[in-house]
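Student: Dropping the structure in here first, questions after.
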There are 2 protein chains.
Amino acid sequence: MSDPDLMQKVISLAKRRGFVFQSSEIYGGLKSCYDYGPMGAELKRNIMAEWWRSMVYEREDIVGLDASIIMHPKVWQASGHVANFSDPLVDCLACRVRFRADKAPKVEKGSEVAYKKEGKALRATANRSYVCPACGSPELSEERRFNLMFRTFLGPVDPVGALADKLAGRSLSAQEIREIAEGELAPATVYLRPETAQAMFVQFENVQQSLSLKVPFGIAQQGRSFRNEVTVEHFIFRSCEFEQMEMEFFVKPGTQKEWLAYWTEQRLGWYRRFSNRPEDFRLRQHAKDELAHYAEDCYDVEYRYPWGYDELEGIASRTDYDLKQHAKFSGKDLSYFDPAETDPATGKVGRRYVPYVIEPAAGATRALLVYLLDAYCEEQGQDAKGEAKTRVLLKLHPRLAPIKVAVLPLVRKDGMPEAARAIVSEFLKSGVKAKYDDNTAIGKRYARHDEVGTPWCLTVDGQTLQDGTVTLRDRDTTAQRRIKVAEARQTIQDLLNRAG
Amino acid sequence: MSDPDLMQKVISLAKRRGFVFQSSEIYGGLKSCYDYGPMGAELKRNIMAEWWRSMVYEREDIVGLDASIIMHPKVWQASGHVANFSDPLVDCLACRVRFRADKAPKVEKGSEVAYKKEGKALRATANRSYVCPACGSPELSEERRFNLMFRTFLGPVDPVGALADKLAGRSLSAQEIREIAEGELAPATVYLRPETAQAMFVQFENVQQSLSLKVPFGIAQQGRSFRNEVTVEHFIFRSCEFEQMEMEFFVKPGTQKEWLAYWTEQRLGWYRRFSNRPEDFRLRQHAKDELAHYAEDCYDVEYRYPWGYDELEGIASRTDYDLKQHAKFSGKDLSYFDPAETDPATGKVGRRYVPYVIEPAAGATRALLVYLLDAYCEEQGQDAKGEAKTRVLLKLHPRLAPIKVAVLPLVRKDGMPEAARAIVSEFLKSGVKAKYDDNTAIGKRYARHDEVGTPWCLTVDGQTLQDGTVTLRDRDTTAQRRIKVAEARQTIQDLLNRAG
């Protein structure tokens, strides 16, 4: 199957089987907003739970944080987002399209280009190094920086009303009005966080002190972030609202190189662990001119998407930039006293320093797309009558699968539903997500569970009630074998543990 | 301990032990925004996981959803939030305070009241039924409806710039400017959801069809909601950003009374299950004049907070109001065809209807406050020297406790750390949140784990390496007994299961 087909097939299955819906679909949808249906919500939960497990539960040196989405506006001044987190926007004066200058088609400045305006074919000199991506016109507005942060207003304020009162009866220039308007809006302006990372810097001291943590240590957070992206693309790959999984790892200055190497390997390995094709993940070091202003080095974990290799996670060596910026803007000392280190300046034991930071920044929604693409399979086979038939399945890693085991009564009578429910109950007690399902014929149920990635089905049939056995069907091989009901829970738990 | 003390003590412990911090504290904090530290993040996760388990995993009839926070603005027109989700705000012309008219001190209209203005004692006639809550003045601005939804702008738009261009060089009245401004802002305006519920109505059809669900069934969702509250109070009780746990249960018209009774009992029981004082939770039916416009009946689960009984969760019988509103505003048919029902109009089998809805709407952040209050204990005892000493502990239910079991090497040598880490490792493999802790003296570690609510501590000492046993200490009784390392995991799991 060719790659463009794969994307369309995954999008179609995602909607059909309750993984991903367009947000507010009955209202025509909302640009780049998505809702996760029953299966997608579980898949996302599982991805996020695995990340949290590997970051927080299985480690002694990382703790969690769960901060508010709306933070003090000074946070975004200190971080540089207010000044720098923007795209250059241009309006085409010919066709009225608004576009990003840095993503527009390149041409040679001063060259003659052809375009259409109101149906007429025209030629004109390009006075910039790009033209309109829609009509090719060089007739363009000035470039304007467009900040990607969503702005809103906190508190019982009515900025529009206040502005109207202020402007009433006055004839002013656009520039004067803009300044008055910004002055009215400024005191109440807050932003939706464009990343979760800043909360870990802002709460560095509270977290460190409340748990007496010793450097090196990390703070991990998961949650929604918001970017008012001009270009949204590739389904859930780039959207305005997305779910991040970020960790800030605070280290002793001078040790950041080793820790960056450590975390790039850790993170690459984490993605590969749940994949059918680990070779589709790779690391790419950023070139010097790609690095963000705060980073001294950075690696991307890239995935081979249908459109080629592209970003999945960034692991940046952020130096002490962020803590120092917040110390400067807040007036608080955000340094750390290390009683075991020798101060290089005085030669005495005990050293105060501002830690350096390594940041693995992952996107849960992007990871969900990756694992759907990784898992989607079609197999050519035959149906019961010997006709050619395509089997669609999601080869999701058992730890990510929304349902671990489906328990299916062959028919809805003869005590089979009761027996199946008793089995489900046993699984749930030990924390294994099992699902009772008696909807439609057994073949259709298998097909449905193949499509949502359920690794195992247990079928209760007539024999179950006689000899206490059920059929265990494997999603990937479709092989079936009989196992004892009494051993079902342990068998599935062993299979889950074996999957790693 | 008196109740006002309790609140202050819980707030203090919450900060000291990493449960709840003020958001952006180094910048002076942000009104009513809170961050959950390492312990608070885990407590919140556990509360939310227990809700999800009881709603989604343990039931055949409820599935999950995880929708975007920004939805199509028409959703909030259909739901009534744009028109009605507002408070009446008034400015005091004497002292400039802005306040809610419905919460202001009541006086008799036309009566003479005393107040102060710029230091002068004045008297005037009250021409409304309330006065300023700050200075008592009857000199007040007009009441203005203030919508509680946070408004922001989606897409590459610059509403201030566009407005400035439009108003430049024109002298207009405040009313005219307001209309032009609203016209400019309207096309890009979106809102942060003030509740998660509407996504379940908007995605009703997608969810129902993708899983072939049969009424009665429910859709559950957890996530952040935002309300620009004028009055924030009682720590995290009422804040502008909070975490909801809502479930919409779709039922056959005519059965809503039974289902409302069922869900009120379920939800009350759920809260009590994790409490030390189940009697502090009660149900209260809404009076007719309290009911929201969409509700035909409603119960609150109330808790006895330090300031008295107050709301914890609302369970509303919402009729078919929401689905019908969204059908009307979207032009989509949001009815359900029930093949097993007889149509009362035609007498034929098969009936199409718009389901009625029962909604248990809980707040995870409010539940977190309740369980902190419920768990906080002080015990008078003696220290090793016989001096009076107060032991502070959080008697959190083991399922809610951030750490289930702390594993403590008595000293940091003689192989004890290695033995302790091996035990932690065993716990983590079976999904029990264990924590290795070798920080400070053993007594201090016990005290710290008492304060964060860790129900059990396992201490590795010299004897462990000789006979393979550890000390098991109980948080609530402080009793200690020796158990075998090999049986530690099973012992703790049994204790967890026994706790329910």
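Student: In the calculated pair distance distribution of the protein assembly as shown, what percentage of Cα-Cα distances lie above 39 Å?
Tutor: Tail of P(r) above 39 Å: 50 percent of Cα pairs.
Student: Moving on. At q = 0.27, 0.29, 0.30, 0.32 Å⁻¹, work out log10 I(q)/I(0) for segment B:235-285 with the Debye formula, treating every Cα as an identical point scatterer and leaving solvent out; two decimals please.
Tutor: For segment B:235-285 at q = 0.27, 0.29, 0.30, 0.32 Å⁻¹, log10 I(q)/I(0) is -1.09, -1.11, -1.12, -1.16.
Student: Further, regarding this structure: Hey, if you put +1 on the Cβ of every Lys and Arg and -1 on every Asp and Glu Cβ in the protein assembly as shown, which of B:75, A:22, A:274 ends up farthest toward the positive end of that dipole?
Tutor: Most positive-ward Cα: A:274.
Student: Moving to a separate point now. Could you work out, residue by residue across B:37-47, how many beta carbons of other chains sit within 10 Å of that residue's beta carbon, and then give the average as an integer?
Tutor: Per-residue shielding by partner chains comes out at 5.
Student: On to the next question. Tell me the carbon and sulfur percent of the accessible area for the protein assembly as shown, rounded to whole percent, probe radius 1.4 Å.
Tutor: 49 percent
Student: Evaluate segment B:1-86: find the radius of gyration of its Cα atoms, find its Kirkwood radius, and give the ratio Rg to Rh.
Tutor: Reported Rg/Rh (Cα atoms, Kirkwood Rh): 1.11.
Student: Explain nothing, just compute: Karplus ³J(HN,Hα) = 6.51 cos²θ - 1.76 cosθ + 1.60, θ = phi - 60°, for every residue of segment B:138-147 in order, whole Hz, x for Gly and Pro.
Tutor: x, 7, 10, 6, 4, 6, 10, 6, 10, 6
Student: Nm distances between the label at residue B:283 and the same-position labels in the remaining copies, 7 Å along Cα→Cβ, shortest first?
Tutor: Label point to label point, same position, other copies: 5.9 nm.
Student: Taking the alpha-carbon set of segment B:186-267, what are its Rg and Dmax in Å?
Tutor: 16.1, 45
Student: On to the next question. Can you give the log10 of the normalised intensity I(q)/I(0) at q = 0.16, 0.17, 0.32 Å⁻¹, computed with Debye over equal Cα scatterers of segment B:403-452?
Tutor: Here the Debye-derived log intensity ratios amount to -0.43, -0.48, -1.17.
Student: Here's something else I'd like to know. For chain B, just say rounded, prolate or oblate: build the C-alpha gyration tensor, square-root its eigenvalues into a ≥ b ≥ c, call rounded for a/c under 1.5, and beyond that prolate if a/b exceeds b/c, oblate if not.
Tutor: Oblate.
Student: Efficiency by 1/(1 + (r/R0)^6): what FRET value for residue B:255 and residue B:16, r their Cβ-Cβ distance, R0 = 60 Å, to the nearest 0.05?
Tutor: The computed FRET efficiency comes out at 0.75.
Student: Continuing with the same structure: Based solely on its DSSP helices, what 222 nm [θ] is calculated for chain A when runs of n ≥ 4 H residues each add -39,500 (n - 2.57) and the sum is averaged over all residues, nearest 500 deg cm²/dmol?
Tutor: The per-residue figure over chain A is -9500 deg cm²/dmol.
Student: So, one more: Cα atoms only, segment A:315-412: Rg and Dmax in Å?
Tutor: Taking only Cα atoms of segment A:315-412, I get Rg and Dmax of 27.6, 85 Å.
Student: Binning every alpha carbon pair distance of segment A:96-192 at 5 Å from zero, what are the percents per bin?
Tutor: 2, 11, 16, 14, 10, 10, 11, 11, 10, 4, 1
Student: Okay, next question. Where the convex hull is taken over the Cα atoms of segment A:87-147, what is its projected area averaged over directions, in nm²?
Tutor: Result: a mean projected hull area of 3.6 nm².
Student: Assuming R0 = 51 Å, what is the FRET efficiency of residue B:343 and residue A:124, from their Cβ-Cβ distance, to the nearest 0.05?
Tutor: 0.15
Student: Using a ≥ b ≥ c from the Cα gyration tensor of segment A:403-499 (square roots of the eigenvalues), is it rounded, prolate or oblate, where a/c under 1.5 gives rounded and otherwise the larger of a/b and b/c decides, a/b for prolate?
Tutor: rounded
Student: Taking the convex hull of the Cα atoms, report for segment B:355-456 its projected area averaged over all directions, in nm².
Tutor: The orientation-averaged projected area of the Cα hull of segment B:355-456 comes to 9.7 nm².
Student: Gap in Å between the Cα centre of segment A:22-97 and the Cα centre of segment B:307-343?
Tutor: Their Cα centres are 30 Å away from one another.
Student: Which of the trypsin sites (Lys or Arg not before Pro) across segment B:67-164 are loop residues per DSSP, with 13 or fewer other Cβ within 10 Å?
Tutor: B:96, B:109
Student: If amide H atoms are built 1.01 Å from N in the plane of the peptide, which residues on other chains or at least 5 residues away come under 5 Å of the amide H of residue A:64?
Tutor: Hits under the 5 Å cutoff: A:220.
Student: Quick check: from the Cα gyration tensor, does segment B:181-329 come out rounded (a/c under 1.5), prolate or oblate?
Tutor: Judged from the Cα gyration tensor, segment B:181-329 comes out oblate (a/c at least 1.5, b/c at or above a/b).
Student: In Å², nearest 100, what accessible area do chains A and B bury in total when the solvent probe is 1.4 Å?
Tutor: Using a 1.4 Å probe on protein heavy atoms, the buried area is about 8700 Å².
Student: Alpha carbon centre of segment B:140-178 versus segment B:212-259: separation in Å?
Tutor: 32 Å
The values are calculated or read from the model by the stated rules, or taken from the named source; none is laboratory data. Given the structure is predicted, the values throughout are model-derived calculations rather than measurements. Positions of Cβ are backbone-derived with ideal geometry, glycine not excepted, and every protein chain shown enters the neighbour counts. Surface accessibility is based on the protein's heavy atoms, side chains included, excluding ligands, DNA and RNA. Shrake-Rupley method; radii C 1.70, N 1.55, O 1.52, S 1.80 Å.
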